[in-house]
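Have a look at the structure below, then the notes.
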Amino acid sequence: MTPTFDRSPATWRRALSRFVQVIPHTRELGLEVVEVGPEAVRMRLPWSDDLLGDASRGLVHGGVLTMLLDTVCGSAVLRGLPAPEVCPTLDLRLDHYRPAVAGQALFAEARVVRVTESVVFTEGWAWQEEGRPVARGIGNFVRLGPRNTPPGFAEALFADEEVDGDA
């Protein structure tokens, strides 16, 4: 039987925080899970000079926004499925609205738009000032399903959480 997990926002916040901590670049850059709700996941990337792409103009590298939106959209996928499964990025498109500037943290939020048997569709936003997005991301993630998800994936995600194996 598939184990069931407490799916409260607090439990998901701890699980997704664990998820971003095992990815080397998100861990090194200090990406934080701020909030996990039933509809969306929100993250914060604190300012660091490592985020600069154009030091002379004080602009954040576009790859940072790509990484941030890919991670928050992928996290929304985990939250949006009935049970966690491995879902690699199939396609990610970013629309850049304005440059992200040095000295300010970046925030991102994503939600699942649609789930099919083979693909999960997401939408995410990144900003430095509330109400002024710097980029929008549309991410599509391929579902590998339970058969292709490594054994123990959900258990590792929810390590230290109460698991009910009889559900």
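All of the numbers you see were taken from the coordinates with simple rules; none came from a lab. From a predicted model like this one, the values you see are computed outputs, not experimental measurements. We place every Cβ from the backbone using ideal geometry, glycine too, and count neighbours over all the protein chains shown.
Amide H neighbours of V119 under 5 Å, at least 5 residues apart or on other chains, H built in the peptide plane: list them.
R143
Working from Cα positions, state the angle (0 to 90°, nearest 10) between the long axis of helix 9-22 and the longest principal axis of the chain.
With both axes taken from Cα atoms, the answer is about 70 degrees.
P(r) tail for the range 7-154, what percent of Cα pairs lie past 28 Å?
Values: 1717 of 10878 pairs.
Taking all Cα-Cα pairs of the range 7-154, the fraction more than 28 Å apart is 16 percent.
Which distance in Å, rounded to a whole number, links the C-alpha centroids of the range 1-72 and the range 105-143?
A separation of 12 Å, based on Cα centres.
Counting Lys +1, Arg +1, Asp -1, Glu -1, what net charge surrounds E85 among other residues with beta carbon under 10 Å of its beta carbon? All intermediate terms of the calculation are to be shown ahead of the outcome.
Working: positive: R143, R147; negative: none.
Summing Lys and Arg as +1 and Asp and Glu as -1 gives +2.
Return one number: the angle in degrees, 0 to 90 and rounded to the nearest 10, between the long axis of the Cα atoms of helix 62-80 and the longest principal axis of the Cα atoms of the chain.
Around 20 degrees separate the two axes.
Mind ranking 26-35, 51-60 by how tightly packed they are, going by the mean number of other C-beta atoms within 10 angstrom, highest first?
Numbers: 26-35: 16.2, 51-60: 14.6.
Output ranking for 26-35, 51-60: 26-35, 51-60.
Before rounding to the nearest 500, sum -39500 (n - 2.57) across all DSSP H runs of length at least 4 in the chain and divide by the residue total; then give [θ] at 222 nm in deg cm²/dmol. All intermediate terms of the calculation are to be shown ahead of the outcome.
Details: 5 runs with 48 residues, N = 167.
Computed ellipticity for the chain at 222 nm equals -8500 deg cm²/dmol.
Taking amide hydrogens as modeled 1.01 Å from N in the peptide plane, which residues meet the under 5 Å criterion relative to A105, leaving out close sequence neighbours?
W47
Once you list every other residue whose beta carbon is under 12 Å from the beta carbon of G30, what net charge do they have if Lys and Arg are +1 and Asp and Glu are -1?
On the way: positive: R27, R44; negative: E28, E32, D50.
Residues close to G30 contribute a combined charge of -1.
If neighbour count is taken as other Cβ atoms inside 10 Å, put C87, C73 in order from fewest to most. Before the final figure, lay out each step's value.
On the way: C87 22, C73 27.
Ranked by crowding around the Cβ, least crowded first: C87, C73.
Assigning unit charges at the beta carbon (Lys, Arg +1; Asp, Glu -1) and nothing else, what dipole magnitude in debye, to the nearest 20, does the chain show about its Cα centre? Walk me through the numbers on the way to the answer.
Details: 17 positive and 23 negative charges, 90 e Å.
Dipole of the chain, to the nearest 20 debye: 440 debye.
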